[in-house]
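Structure first, commentary second.
The values are calculated or read from the model by the stated rules, or taken from the named source; none is laboratory data. Remember, predicted model here, so these are calculated numbers, not experimental data. As a convention, Cβ positions derive from the backbone with ideal geometry for all residues, glycine included, and neighbour counts pool all protein chains shown.
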Amino acid sequence: MSIYFDHAATTPLSEAAAAALIEQMRKLGNASSLHTPGRSVRKDVEEARELIGQLVGAAPSEIVFTGSGTEANNLAIKGFYWKARDLNPRCKVIVISEFEHHAILDPVEWLEEHEGAEIIRIPITATGFVDLNFLSEVVATRGDEIAVIAVMHSNNEIGTIQPIAEIVKIAGDIPVHSDAVQSFGKVDFNFAELGLTSATISAHKIGGPLGVAALVLRRGLDVTPILHGGGQERDIRSGTLNAPAIVSFAAAAKNTIGSMAANDQKVRALKAELIAALTTEIPDIRVNGAQSPSLPGIVNLTFPGTESDGLLLLLDAEGIACSTGSACSAGVPRPSHVLLAMGISERDARSSLRFSLGISNTSAEIAKLASVISAVVDRARAALART
Amino acid sequence: MKLIAAMSGGVDSAVAAARAVDLGHEVVGVHLALSSNPQKYRSGARGCCTIEDSHDARRAADVIGIPFYIWDMAEEFHEGVVENFIAEYSIGRTPNPCLRCNEKIKFAAVLDRARALGFDGVVTGHYAQMKESSQGRLMYRAADPAKDQSYVLAVLNTEQLAGAHFPLGDTVKSDTRKEAKSRGLYVANKPDSHDICFVPSGDNAGWLRERLGSESGPIVDEAGVKLGEHQGAYTYTIGQRRGLGITIPAAGGEPRYVLKIEPKTNTVVVGDHEALAVNKITGEKVIWCGPVPAGFEVHRGFAQVRAHGTPLECSYQHDGETIVVCLDQPLYGLATGQGLVIYDDDRVVGSATVSATE
């Protein structure tokens, strides 16, 4: 029996989402067609859009469906950059937090390499939050050159929730994009209340299907498209609407947000249990990042004297799935840029694991982890010591 | 047993891993990332740690039904194999990086890590046979003489051999491919890798020139008479005949060969074929792959100096540190730095690095 502690990577498909997905897949019609079957599918898509809009705090027209969170982030970053630069050639600065996900980091670095962008990275404090003083200084001195500011709503590796409302206030008229794929459905996230220009949300992080996400984009604001074609989504995103996935996304969002408070309480208690149990077994582990404000389910731990890929192999052999930071294209684990940005040493960053819990986890699973961790850590320490 | 299968993404290591599973072992596949900046694709038979290879290894592990991980050994490989390769050339020797990789990476860094993580040994797709005996595990040539890799494995000491598993030693290569196909392994028809994996272009001379410079210097005969210019002494090999660019013909018109490379004076010495003759070989860094032959006594056996070279009848003796081999018939063209492997018929006795020839 496999124990799954990697809900930040992807989550089990909820029953509600699975039922909606299968039902819609059996339904014929292209949502852009003018005839009766087309209109029927269009109705399903628009109802899903309205529901998601309501759950995320946005107007239906502000929801632009995409094929993935990565696509939504690319659309926002590149779209805002090209748009701003076309209006004002001096507007070439992109401000991001130093610990953004690769779906933000890589398009920004691509724009730097190919499109003349200048990147300013907001440093991260030791507890895992963006340095607002730094941002204020950048906005005060370079404000008229900034095309977009992008700061994730919560960090995917350590779970800390970022002060987005303050960032929006500091930004003034500058567009602010927030990758909220880890937050939406797990903690309060209201697009309108935060005053964001755009945000990314994704279905498979909340019990929905893979292959569908959305860019929440303020009404009246257009960005330069990446995909050109039928212009199905506000002329910003082309491609036949993936009606089954969209409808299933809405079902998952409704399901998870309907029980968000209870889920939060349960998962947060499990996380506390996990930290306590592992600390009892391995007293020198360290928890990376502040526990408040944070996501309920993510905990990142350093196991001094180990290598995380050794830990992962040994835990996997015990039927326990967790995660190291990220891997390069060849699949080699790399020290997490998130932990490095927090000032954690490369050695410690290479000794860290992320456990991300979900509502299906149990106390018994945490007890099982606690029962094997000492032997696993001893082995991993021996493996590192041989070098 | 619990075994780590080192999976390169090629057909041999995939079948070896599958056979280890069939034998009832608990097997975990591991692909070694040996380059910190891997190429995306293989080009022909070159390279063995591209992203494509790592994908092929993962797919093979999926088909076999074993867990699969990638281990980053780029630093160890660079220090133990690539730097050694460059250093050896820089002092005028001709190293064999495959020997070093087996000695320092596959059956050292990987085996040590495997053992520390609770595994009993490492499975590879090498072609060599292991036989248990009253003197422990002994290594023999593979059943397929064309694929025999005992030469590049002769750097394993008894402790390393105890943790090494070569399930393909009794098999001919064509059967390995057939078996891969029948097992549904996509890599069944993937070409064999040759050449040096970390020189993806296959241009060793150019690769060395980039790292060691291409300072030109004299090409001289044995008497010291200058016959031409070379573009970097490191790029020549003992016994090399082609590409010397000598315009002054020998008195008798016979071809000339590289006899010696002198890095200190940046000189390449050439001479006739007879001058390449080697009757006596001294080797250092001796490794015994089984019982140690009595020291200071003359033993009979076969010496081999290249991966697929001919075994040469010889007498040898050692003093614990160095080994001296006297060949029954001379050998033509042997560079210092090459691996010297001693066989007793088909059994691998041990190996050394050639340090001097006469």
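So here's what we get for this one:
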{"item": "Residue within region A:13-22 that is of a type in the set (S, T, N, Q), in contact with a helix residue (DSSP H, G or I) (Cβ under 9 Å, 6 or more places away or on another chain) and modelled with pLDDT of 95 or more present", "result": "yes"}
{"item": "Single unsatisfied condition, A:HIS337 versus (1) closer than 22 Å to A:PRO283 by Cα; (2) more than 13 Å from chain B (Cβ to nearest Cβ); (3) in contact with a Phe, Trp or Tyr (Cβ under 9 Å, 6 or more places away or on another chain); (4) surrounded by fewer than 23 Cβ atoms within 10 Å (Cβ to Cβ)", "result": "(1)"}
{"item": "Of all residues making up region B:50-67, the number that are more than 8 Å from chain A (Cβ to nearest Cβ) and either in contact with a Ser or Thr (Cβ under 6 Å, 6 or more places away or on another chain) or not in a helix (DSSP H, G or I) (or both)", "result": "3"}
{"item": "Meets criteria (in contact with a Cys (Cβ under 8 Å, 6 or more places away or on another chain) and outside the structural domain of B:ARG241 (by TED's automatic domain parsing)) for B:ASN157", "result": "yes"}
{"item": "Qualifying residue in region B:283-295 (condition: outside the structural domain of B:ALA223 (by TED's automatic domain parsing) and among the aromatic types (Phe, Trp, Tyr))", "result": "yes"}
{"item": "Qualifying residue in region A:283-298 (condition: in contact with a helix residue (DSSP H, G or I) (Cβ under 6 Å, 6 or more places away or on another chain) and acidic (Asp, Glu))", "result": "no"}
{"item": "Residue within region A:53-70 that is assigned to a helix (DSSP H, G or I) and among the acidic types (Asp, Glu) present", "result": "yes"}
{"item": "B:GLY125 vs. criteria at pLDDT 95 or above and surrounded by fewer than 19 Cβ atoms within 10 Å (Cβ to Cβ)", "result": "no"}
{"item": "Hits in region A:277-304 (condition: surrounded by fewer than 16 Cβ atoms within 10 Å (Cβ to Cβ) and either on the phi > 0 side of the Ramachandran plot or aliphatic (A, V, I, L, M) (or both))", "result": "A:VAL287"}
{"item": "Residue within region B:139-158 that is more than 25 Å from B:ILE64 (Cα to Cα), surrounded by fewer than 17 Cβ atoms within 10 Å (Cβ to Cβ) and of a type in the set (D, E, K, R) present", "result": "no"}
{"item": "Breaking point among (1) in contact with a Lys or Arg (Cβ under 9 Å, 6 or more places away or on another chain); (2) part of a helix (DSSP H, G or I), for A:ARG39", "result": "(1)"}
{"item": "Residue in region A:358-374 that is within 13 Å of chain B (Cβ to nearest Cβ) and buried (at least 22 other Cβ atoms within 10 Å of the Cβ) present", "result": "no"}
{"item": "Residue that is out of contact with any strand residue (DSSP E or B) (no Cβ under 7 Å at 6 or more places or on another chain) and under 30 Å from B:TYR316 (Cα atoms), where the choices are B:GLU274, B:GLU222, B:GLU215, B:GLU254", "result": "B:GLU274"}
{"item": "Residues located in region A:315-327, provided they are under 12 Å from A:PHE355 (Cβ atoms), more than 11 Å from every other protein chain (Cβ to nearest Cβ) and crowded, with 20+ Cβ neighbours inside 10 Å", "result": "A:LEU315, A:ILE320, A:CYS322, A:SER323"}
{"item": "Selected residue [in the same structural domain as B:TYR343 (by TED's automatic domain parsing) and on the phi < 0 side of the Ramachandran plot] from B:ARG300, B:ARG256", "result": "B:ARG300"}
{"item": "Hits in region B:231-246 (condition: free of Cβ contacts under 8 Å to residues at least 24 places away in the same chain and outside any loop (DSSP other than H, G, I, E, B))", "result": "B:GLN231"}
{"item": "Strands (runs of 3 or more DSSP E) enclosed by region B:68-154 - at least 1 residues per element that are within 12 Å of chain A (Cβ to nearest Cβ) and among the hydrophobic types (A, V, I, L, M, F, W, C)", "result": "B:68-72"}
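Residues checked against (1) more than 24 Å from A:PRO296 (Cα to Cα); (2) in contact (Cβ under 8 Å) with a residue 40 or more places away in the chain; (3) of a type in the set (Ser, Thr, Tyr):
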| residue | (1), (2), (3) |
| --- | --- |
| A:PRO107 | yes, no, no |
| A:ILE120 | yes, no, no |
| A:PHE129 | no, yes, no |
| A:VAL151 | no, yes, no |
| A:ILE164 | no, no, no |
